[in-house]
1. Using r as the Cβ-Cβ distance of A133 and D193, and R0 as 22 Å, what FRET efficiency do you calculate, to the nearest 0.05?
2. Want the number for D72 to E173: 0.36 nm per residue separation, take away the alpha-carbon distance, what's left?
3. Exposure proxy check: D231, D297 ranked by fewest other beta carbons within 10 Å?
Amino acid sequence: MTLETARTRLRALPSAPDADFNHYYRTEQGFAPDCEGGDCPARFSIGWPLPPARGGCGSSVAIGMIDTGINDAHQTFAGADLELHRLSDEDLPPSKRLHGTAIAALLVGDPDTRSPGLVPGASLVAVDSFHRAGNDERADAFTLASALSFLADRDVRVINLSLAGPENAVLEEITAQLVAENDILILAAAGNDGPRAGPRYPAAYDHVMAVTAVDRDKQVYRRAVQGPHIDLAAPGVNVWTAASVSGARWKTGTSFAVPFATAAAAILREAQPDRSAAEIAEALRAGATDLGDPGPDMVYGHGLVPVTDACVKPMKTEQKTIP
């Protein structure tokens, strides 16, 4: 009997209609760019915003993050309101701290270091749900579901998922339930499997916002997954962020685009706390700058997320267009 046949038979039972495999999910970082160094023009051309000081906009919002481990001793986290919890099996080799450190720094990095964050005043509750299997770093569906439940119990309002994997019925049910019951906005990486690949999850679930990556010229990342589920685009090619041990370097992948959308969502939730997660998601789509074909499309979604505008003025209700 194959695994697929076993799953089909299990789903036929009244007690297990949503039975599924314990799929693996992986971080979505691409290949290292050729350009490195603090004087690389990409640092300026991607429109990296000036970060607010600690205690500025976004400071009252709790952001959740599920990723690999984080080097919390990195200088960029000095003074950051950062919690780190490991939920993966203690008997499994722990994840490396490369990817998680880079994502966390994009969110709450010290504005006075080489890797300033977008919302350095926000509190970040980070969950390490990954483990190593040889050279592979992955998180299984059940651990991801546990991590999401953990974050919901911590009363976070926005969750950053810079990861992707296959469709999973159990994970879909859990995320839908948490979003509905806790009014949480979840943003996830579109995936780096290429434009001809099928959708990646959890980004492709209806209750999750899918974020793709663009370069300095507002062109989509060549390896980004495309499809009707894409919601927003954000800088994700040659993004400057923290290295795992010290200092900073350039990173590429849809993983690194998600924090831009997460930051915009966190700032908007702080500015308009009475609006639901669904309303915040719609405001982000409406305020995006249209890219590519007019209107929403399968490459850029609704367009480029308005990160800087979110910090200084309310989101627009009409979508902007780049000629």
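1. Values: r = 19 Å, r/R0 = 0.88.
Once the sixth-power term is evaluated, E becomes 0.70.
2. Values: separation 101, 0.36 × 101 = 36.36 nm, distance 3.23 nm.
Working it through step by step, the gained length comes to 33.1 nm.
3. Numbers: D231 24, D297 16.
Fewest to most other Cβ atoms nearby, the residues stand as D297, D231.
Where a number appears in this text, it was derived from the coordinates with a stated rule and is not lab data. Remember, predicted model here, so these are calculated numbers, not experimental data. For neighbour counting, all protein chains shown are included, and Cβ atoms are generated from backbone atoms with ideal geometry for every residue, glycine included.
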